[in-house]
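Notes follow once the structure below has been shown.
The values are calculated or read from the model by the stated rules, or taken from the named source; none is laboratory data. Keep in mind the model is a prediction, meaning the values are calculated, not measured. When we count neighbours, we look across all protein chains shown, and the Cβ atoms used for this are built from the backbone with ideal geometry, even at glycine. Accessible surface areas use protein heavy atoms only, side chains included; no ligands, DNA or RNA. Shrake-Rupley method; radii C 1.70, N 1.55, O 1.52, S 1.80 Å.
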Amino acid sequence: MAFIPYSRQSITEDDIAAVTAVLRSEFLTQGAEVPRFEASFAALHGVAHAVAVSNATAGLHIACLALGIGPGSRVWTSPNSFLASANCALYCGATIDFVDIDPATRNLSVAALQRKLEQAERRGTLPQLLIPVDFAGLPADLREMRALADRYGFRILEDASHATGASYLGQPVGSAWADASVFSFHAVKIVTTAEGGLVTTRDAQLAERLRLLRSHGMTRERSQMDFEPEGPWVYEQQLLGYNYRMTEMQAALGSSQLKRLPQMQAQRAALAERYDGLLARLPLRLPARTADRRSAWHLYVVELDAQRTRATRAAVFQALREAQIGVNVHYIPIHTQPHYQRLGFKPGDFPDAEAYYAGAISLPLFPDMRTDEQDHVVATLEQALRA
């Protein structure tokens, strides 16, 4: 059997035609496609404002800035995420800290957050911003976090990079609870623009600040200028921004992909449910399911149950890779990385995240995955767990 990646983009002839049409048009950047993509995404996610950017890391960066994060600010996030969820705070000169995860959902733990906030209030070290992560596409406990944010006075920036199209308490992710939400359109994500990201918010002023920050802090809008413009060529730089714009080709691909979002999500969900059944009797901990939210199923992550198997994660990983199955591990806890250890963190600081990581393996899951490929993954995994 051919190599089976842990994830893979789904590209159709319609997607190719959409990109080709832009290549034949007058605008490759700063045309009509980006606003069209933003409007479509906002409508699907039930939110007023969507600001497209070059990638999700850029989105996290300028969202932090737009929310007032800078030197002296304190930002908390989950240790179980990609590096960008924490790096974005450091880009702004802020101090980063972590909150341990819930072992079942693998998302930032509300109970751990509550304890840490109580301690921080006594010490006078409350955070200005919390960045919960919708790990693997499962929305975090945002309602409870919002209540804590309102009580303790911090903002919420939801890292929904895995969660395009997911829902929470009957509402699309990115539409409520958080002050802003960031989505990723990397090639292996739910919807792809090859690279790309987007920030949603209900706050019009915040959205306008994000638009400035993504394009050098520059405006040509007369209403935003300090001085009366001499002519239509005049622009003003209102703040220090960046070149984080999305191209027209990326936006056209994204708009085409959004048309298939329900179909691709249904395919992911069906494969995840099938995994649940096929893996139920194996010595594994499977992804959590909760009745009040719907995962986007960006990842399907299992954990080896050390009480029921003597196989090591390294051995299982190697056996699957040797069988041409491109499993992966998401994620090495951020606080254990050398850069973060040099900031003062150390192994043992967030034991639930570290315990999860010790046994985690991401199995292949993507919309075009065939059932015979899935059967091959499960059979190989079962054999490896017996070793």
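Are any residues in the range 101-133 of a type in the set (Asp, Glu) and assigned to a loop (DSSP other than H, G, I, E, B), and if so, which ones?
Once the filter is applied, which keeps residues that are of a type in the set (Asp, Glu) and assigned to a loop (DSSP other than H, G, I, E, B), the range 101-133 yields only 102.
Within the range 44-100, work out how many residues are in contact with a helix residue (DSSP H, G or I) (Cβ under 7 Å, 6 or more places away or on another chain) and part of a strand (DSSP E or B).
Residues meeting the conditions: 9.
For residue 38, are the conditions met, namely being farther than 30 Å from residue 341 by Cα, open to solvent by less than 50 Å² (accessible area, probe 1.4 Å), touching a strand residue (DSSP E or B) at 6+ places or on another chain (Cβ under 9 Å) and acidic (Asp, Glu)?
It is true that residue 38 is farther than 30 Å from residue 341 by Cα, open to solvent by less than 50 Å² (accessible area, probe 1.4 Å), touching a strand residue (DSSP E or B) at 6+ places or on another chain (Cβ under 9 Å) and acidic (Asp, Glu).
Quick test of your reading of the structure: residue 226 fulfils all but one of (1) open to solvent by less than 100 Å² (accessible area, probe 1.4 Å); (2) more than 23 Å from the chain's Cα centre (by Cα); (3) acidic (Asp, Glu). Name the failing condition by number.
Here residue 226 meets the rest and fails (1).
Take the conditions farther than 18 Å from residue 63 by Cβ and surrounded by fewer than 24 Cβ atoms within 10 Å (Cβ to Cβ) and apply them to residue 187. Does it pass?
yes
Going by the structure shown, is residue 253 touching a strand residue (DSSP E or B) at 6+ places or on another chain (Cβ under 7 Å), touching a residue at least 12 places away in the same chain (Cβ under 8 Å) and outside any loop (DSSP other than H, G, I, E, B)?
So residue 253 does not fit the description; no.
Of (1) in contact (Cβ under 8 Å) with a residue 60 or more places away in the chain; (2) open to solvent by less than 50 Å² (accessible area, probe 1.4 Å); (3) within 23 Å of residue 162 (Cα to Cα), residue 276 satisfies all except one. Which?
Unmet for residue 276, out of (1) in contact (Cβ under 8 Å) with a residue 60 or more places away in the chain; (2) open to solvent by less than 50 Å² (accessible area, probe 1.4 Å); (3) within 23 Å of residue 162 (Cα to Cα): (1).
Pairs please, first residue from the range 352-375 and surrounded by fewer than 16 Cβ atoms within 10 Å (Cβ to Cβ), second anywhere and in a loop (DSSP other than H, G, I, E, B), Cβ atoms under 6 Å, 6+ apart in sequence or on different chains.
Listed by first residue and then by second, the contacts come to 368/10.
Out of the residues in the range 43-55 meeting the condition of being in contact (Cβ under 8 Å) with a residue 40 or more places away in the chain and open to solvent by 10 Å² or more (accessible area, probe 1.4 Å), tell me which one is nearest to residue 136 (Cα to Cα).
55
If you scan the range 8-42, which residues turn out to be among the β-branched types (Val, Ile, Thr), part of a helix (DSSP H, G or I) and in contact (Cβ under 8 Å) with a residue 40 or more places away in the chain?
19, 22, 34
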